[in-house]
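Single-structure report; data block below.
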Amino acid sequence: MRIQNSMICSLVLTALFVGGCGSDSSGGSPDGSEYSDVRLDGDYIKKHDDEKSQKEESGEQTSNNSGNNQNGGGGETSSGGTTIPTASGKYRLLAWNDLGMHCMDGNDYSVFSILPPYNTLNAQLVERRDGDAKKISSGVRITYEAVPSLNGKWNTVSSTKTNFWQYTQKLFGANLAKDIGLKGYPVQSKTSHAMEYQSAHEWWIAEGIPTVPQNDDGSTNHYPMVKVVAKDMQGNLLASTTTVLPVSDEMDCRKCHASNTNPDAKPTAGWVNLPDSQKDYKYNILRLHDDENDISSYLAALKAKGYNYQPSLYETAQSGTPVLCASCHQSNALPGTGVTGVPPLTEAIHSKHANVTDPLNGQKLDNQANRNACYTCHPGATTQCLRGAMGNAKNSDGTMKMQCQSCHGGMSAVGKKGREGWLDEPNCQSCHQDGHRYTEAVTDFATGTLRAALDNRFATNPDTPVKGKSLYRFSTGHKGMQCSACHGSTHAVYPTAREEDNLQSKSAQGHAGTINDCTACHLTVPKTADGGPHGMHTVGQDWVKMHEDVAEKNSASCRACHGADYRGSVLSKTFAARTFSVEHGTKTFAKGHMVSCYDCHNGPGGD
């Protein structure tokens, strides 16, 4: 069945399993026209109304749409063109992009399409309390809106920067208004747009935001910024945060398929030699596809799905009908696509190109030594998609310690028959296990086999989002918080090389990096020996007083993070400089110090 307006398929895995805009929701519709009449629990409403009345009686201004308190308390500081909310307030709002980077086909969709403009924003709202914090799932409205990037430039419209909306009917069976995405969500703008709540994942979501990587003045911007705002149903501001909608159009094929480039990729009929560089390489690809593939036997199946293609895909595009690659090649990013007998898109592309010679260095793209092979097509050279903690790790010569292949294996592994694209992905426990932090998740480059996990302290959730799979971007950890909420998105794990990514963690706890400060979500630090994230103990001055009893009764439990010899490990590093009051004065630790028993004692059994 062709993708129609009422059942437009998702182009990222999120929609595959969490449902569309009409799924279980207590939030608003994409256009903000309908909102649930549910409320927070009665105790909260009474307390909130009492506090509001007290403020009004005293003449104190209450929070409203024009207030500048983005966290429901405290003030703001400025960083370039964007305001950073302070870390105080009764609520904590965390928001993130689901993949760390979304790719699109560039500005032109008149020839063929692999990926449309399609960004997905997730958020979770926490009521900060003494003791256990509470995730809020109803009685609030959470919205997103554009804010200027750090250089002060805006990205508030997409329809003037791409011809995507001219071809949505022929590509996706959807007649969309300009600047509306395939799931009904508008592009970020100076008007706020409602997100919806999805109970299956306990998050708020805006799926398929049609963001493009150009500012309104035409300059390039792969990291447009949005402000996410939470208000109660009376319009009172609860909290807000800023995050990015990363998008890249760097995914293209012109390095080999542009006219007069790689002779091995030259079509039998010759190069098309078009002046428009985006159309040029695409038409060359369709000509080459016609040379190597007879699609006549698939035309009836395609027509049944609503795709009226000719035996020649080149002629199909020439006649005004752009080709959707997933119409034949099944993709888990587009449920319901594909034709029986045609290899899936991930398998077809990666297996086809694994033995192609890299035009930049003469090595095969599948060569283990060719660590930049993926960036021949994927966003890297300019966009720097892998920009998080893993991308920031460097060898002594300044090169990246971890590359795409470190987690995904070689190109032939990614394209091997039977692998399910978007589902068979690396997981955290392949590197983070048994007190170690490895820099290669795969044990076999050629097959992409992942290292077996020895424990599950840092593991993604099993059977998530479907049976037999285990994906980080759907996994939850401490008290049901999404892993991405505290650690950042895939490919952009905190801290990243982009300040835009780091604003949120700085706001939440005062420094960039994993959100690990208890007071980010708790009004006071909970006192626990193993009830924190990943079984952690309380961090801070309280633990100085508490740890002695725990260490004396069960010092072996300390080894998981502080090392088998109790002299510290990468897991006991401080995320920021810290000073503590100790028995004989004070003790200061620099950021990155690996805390050990020997810092203050003569080992675990010493005084």
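A few notes on this one:
- By the equivalent-ellipsoid construction on the alpha carbon gyration tensor, the chain comes out with semi-axes of 44, 31, 21 Å, ordered largest to smallest.
- Close amide-amide hydrogen proximity is noted between Q310 and T316, each under 5 Å apart and 5 or more residues distant or on a separate chain (H modeled in the peptide plane; Pro and chain starts excluded).
- Neighbours of A452 by Cβ distance under 14 Å: Lys/Arg scored +1, Asp/Glu scored -1, total -3.
- Solvent-accessible area per residue for the chain (1.4 angstrom probe, square angstrom): 44 Å²
- Taking the protein heavy atoms of the chain in the context of the full set of protein chains, the accessible area attributed to carbon and sulfur is 50 percent at 1.4 Å.
- Pairs over the 22 Å Cα-Cα cut-off, from the set K417/K469; K479/K587; K527/K573: K479/K587.
- Net charge of Cβ neighbours under 10 Å - reference T162; Lys, Arg +1; Asp, Glu -1: -2
- Each of D132, D290 has its accessible area taken with a 1.4 Å probe; listed largest first, they run D132, D290.
- For the stretch 377-517: relative contact order, % (alpha-carbon pairs under 8 angstrom, 6 or more apart): 21 percent
- Candidate lysines - alpha carbon under 18 Å from K282, same-chain residues fewer than 8 apart omitted: K170, K255, K266, K352
- Per-residue surface analysis assigns D366 an accessible area of about 40 Å², computed on protein heavy atoms at 1.4 Å probe radius.
- Modelled this way, with points 7 Å down the Cα-to-C-beta line, the labels at K573 and N554 are 2.8 nm from one another.
- Less than 5 angstrom separates the built amide H of Q363 from those of D358, all sequence-distant by 5 or more or on a different chain.
- Backbone N under 19 Å from the T261 label point (7 Å along Cα→Cβ), restricted to the stretch 272-294: 272-292
- Built amide H within the under 5 Å cut-off of Y167, gap 5+: none
- Paramagnetic label zone (point 7 Å from Cα along Cα-to-C-beta, N107; backbone N under 19 Å) in the stretch 235-270: 247-255, 258-259
- For the stretch 518-590, GluC sites (Glu not before Pro) meeting the loop criterion (DSSP other than H, G, I, E, B) and having at most 13 other Cβ atoms within 10 Å: E583.
- Between 0 and 90 degrees, the angle of helix 277-292 with respect to the longest Cα principal axis of the chain falls at about 60 degrees.
- Karplus-derived HN-Hα couplings along the stretch 559-574 (A = 6.51, B = -1.76, C = 1.60, θ = phi - 60°), whole Hz, x at Gly and Pro: 5, 4, 10, 9, x, 4, 9, 6, 9, x, 8, 4, 7, 10, 5, 7
The values are calculated or read from the model by the stated rules, or taken from the named source; none is laboratory data. Please read these numbers as outputs of a predicted model, since none were measured by experiment. Note that we place each Cβ from the backbone using ideal geometry, even for glycine, and neighbour counts take in every protein chain shown. Please note that ligands, DNA and RNA were not included when accessible areas were found on the heavy atoms of the full protein model with its side chains. Shrake-Rupley method; radii C 1.70, N 1.55, O 1.52, S 1.80 Å.
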